Amino acid sequence: MTDPTTPKPPDPPTEPPQSSMSPVAGPTPEANLVAGAGTATPAKRSNVRAWAVGGIALAVVLFSGGAVIDMFNGDELKTTAGATSSPATSPTSATPVAPTTAAPTSAAPTSAIPSPTKAAPPPKPKPPSYKTLTERQWKLIAKNPDGYLGKTYVVYGRVTQFDAATGTDSFRADVAHRRMAEKYDYETNTILNGSESDLDNLVEDDIFRANVTVLGSFSYDTQIGGETTVALLQVDSIKVL
């Protein structure tokens, strides 16, 4: 018969987990009952059952509490371990990659010495063209030689003086604009200068044809003690006729 004052124990689990904790060793009510003398009374039986039910409940509470504590500690350890093992990586904490600097490459100098470039020779000056003259044109030149300085013409003449007094590179001649029929037809007194090589074969009374450049006017003393001014021509080429 159950004591109405005894609380009804909770239904034990179907398969209670095995606890690593063992109840405190001590004499159970059943042992006390066996050890005692006489027959157990209903009150004693109720006390024994209450002690048994209380021990079972205490074991269940202790076991459940230990499991909950273990579970909580395990979750906390898992959470802590996860936080420790995989720290959050912030964008700003990423290590910047150092930019690579490529070393400049320089081509090795060639050992071959470049040959000096030969400068092109300057173009030869264009040879002057020598113009033929009319009688009037020649008279204008003889009148004002300085006005035709540097002009080039073709003239004809007769050597009137070519001796030690004139030198080997100049002579005096009567000049005209063309070749005359008689040597006395050359009328204009003129001084001509040239190179010795060009004038080496020229002597007095020779009739010549010459390409000349006008050098201006020239004054010299005459044999009778006077002074005269004439046209001065440079002989560029000459031919005895």
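The values are calculated or read from the model by the stated rules, or taken from the named source; none is laboratory data. These numbers come from a predicted model, not from an experiment. So basically every Cβ, Gly included, is an ideal-geometry build from the backbone, and we count neighbours across all protein chains shown. Surface areas here come from the heavy atoms of the whole protein model, side chains and all, with no ligands, DNA or RNA. Shrake-Rupley method; radii C 1.70, N 1.55, O 1.52, S 1.80 Å.
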How high is the FRET efficiency from THR228 to ARG178, r the C-beta distance, R0 30 Å, rounded to 0.05?
0.80
Using θ = phi - 60° and the Karplus form 6.51 cos²θ - 1.76 cosθ + 1.60, what ³J(HN,Hα) does each residue of segment 194-210 get, whole Hz, x for Gly and Pro?
x, 7, 4, 5, 6, 9, 4, 9, 9, 9, 5, 6, 6, 9, 9, 10, 9
Of all accessible heavy-atom area on segment 149-241, the percent that carbon and sulfur account for (1.4 Å)
43 percent
If I model a spin label as a point 7 Å beyond the Cα along the Cα-Cβ vector, how far apart are those points for GLU135 and LYS118 in nm?
5.6 nm
Show ARG179, ARG158, ARG209 ordered by accessible area, largest first, where the area counts protein heavy atoms only and the probe is 1.4 Å.
ARG179, ARG209, ARG158
Quick calc, ILE207 & LYS143: beta-carbon distance into FRET formula, R0 25 Å, rounding 0.05, result 0.55
